[in-house]
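Read-outs throughout are calculated quantities, based only on the coordinates presented, and are distinct from any laboratory measurement. Predicted, not measured: the structure shown is a model, and the values here were computed from it. Here the Cβ positions follow ideal geometry from the backbone for every residue, glycine too, while neighbour counts run over all protein chains shown.
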Amino acid sequence: MVQRDKIAFIASDVDIARNAFSRLTGKYGNAALEDADVIVALGGDGFMLQTLHKTMPLDTPVYGMNCGTIGFLMNEFDEDNLTERLAQAEEERINPLKMVAERVNGSRHEALAINEVSLLRAGPQAAKLRIRVDGKVRLEELVCDGALVSTPAGSTAYNYSAHGPILPIDSEVLALTAIAPFRPRRWRGALLPKSAVVRFEVLEADKRPVMADADSRSVKNVAWVEVSSKNDIVHRILFDPGHGLEERLTREQFL
């Protein structure tokens, strides 16, 4: 058990989360983010991702309580015995992806993604992508609505909706998944080592515009996008015992 007495609460803008924030801070107090032993995020999965990005420089574990819809990254909401739950919580450590994207106009943009980096067509015509892995062309031309690279933690999100595989949390693997592929028609994606560097080159970019997205941070009209695992950054997420990411990823495959 790890005592985590100094709690900083942070809530999304929805009423249920704001009301929970008022009750919980009245009951347990509210430490400043920089002084806290633990950060409790009140909201849904989207807000949890925002919180992890926002608090990354603090190296403070984040415990989510679900005030949203799905709550894959969240624990069950319960106002009672929170101090005890936090002391018993188990920590998962995950690394984000780094996206480097260059637009057609030559400007370059960087962003981090906890779930996935995706490329999506931004016009009426299908995108055409060339895919390189560690500098070697693996697919000369993919005609599709888009493609993505997912972490294990994000593999049940957009990746799974695009028929990509669910990855064990400790698999040291990334999922490269096509989104609505047209040619090659049977190509759905690949499993790559975590060390892989994936580069997407947009073919006919002026005629077939493509946007890139890293956890909802979007870059329009990209010419190329490079994706790699950022192993020197660690996000610390707390879960109730027996309800960590490994259990959740396994459970998702039997729903």
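The figures follow:
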| read-out | value |
| --- | --- |
| Range of Cα positions in segment 97-229 per principal axis (Å), largest first | 40, 31, 27 |
| Mean separation of Cα contacts under 8 Å (6+ apart) over length of segment 94-186, as relative contact order % | 24 percent |
| Kirkwood hydrodynamic radius over Cα pairs of segment 116-189, then Stokes diffusion coefficient at 20 °C and 1.002 mPa s, in µm²/s | 171 µm²/s |
| Contact order normalised by residue count of segment 155-204, Cα under 8 Å, 6+ apart, percent | 28 percent |
| Cα centroid separation - segment 1-62 against segment 142-162, whole Å | 29 Å |
| The chain: Rg to Rh, with Rh as the Kirkwood radius over Cα pairs | 1.02 |
| Relative exposure of F182, F77, judged by other C-beta atoms within 10 Å (fewest first) | F182, F77 |
| The chain: DSSP helices with Cα axial extent of at least 15 Å and average Kyte-Doolittle hydropathy no lower than -1.0 | 15-28 |
| Lysines with Cα under 25 Å of K230, excluding same-chain neighbours fewer than 8 positions away | K54, K98, K136, K194, K220 |
| Selected from P193, P165, P181 as most flexible by GNM, with the chain as the system and alpha-carbon contacts under 10 Å | P193 |
| Local net charge near T177, Cβ-Cβ under 12 Å (Lys/Arg +1, Asp/Glu -1) | -1 |
| Estimated 222 nm signal from helices in the chain, with DSSP H stretches of n ≥ 4 weighted -39500 (n - 2.57), rounded to 500 | -4500 deg cm²/dmol |
| At most 16 other Cβ within 10 Å, DSSP loop - trypsin sites (Lys or Arg not before Pro), segment 214-255 | K220, K230 |
| Within the chain, percent of DSSP bridges classed antiparallel, to nearest 5 | 80 percent |
| Mean separation of Cα contacts under 8 Å, 6 or more apart, over the residue count of the chain: relative contact order % | 21 percent |
| Cα-centre dipole for segment 70-116 with unit charges at Cβ (Lys and Arg positive, Asp and Glu negative), debye to 20 | 620 debye |
| Distance between segment 182-255 and segment 88-121 - C-alpha centres, whole angstrom | 8 Å |
| Cα gyration tensor shape of segment 166-231, rounded if a/c is under 1.5, else prolate or oblate by comparing a/b with b/c | oblate |
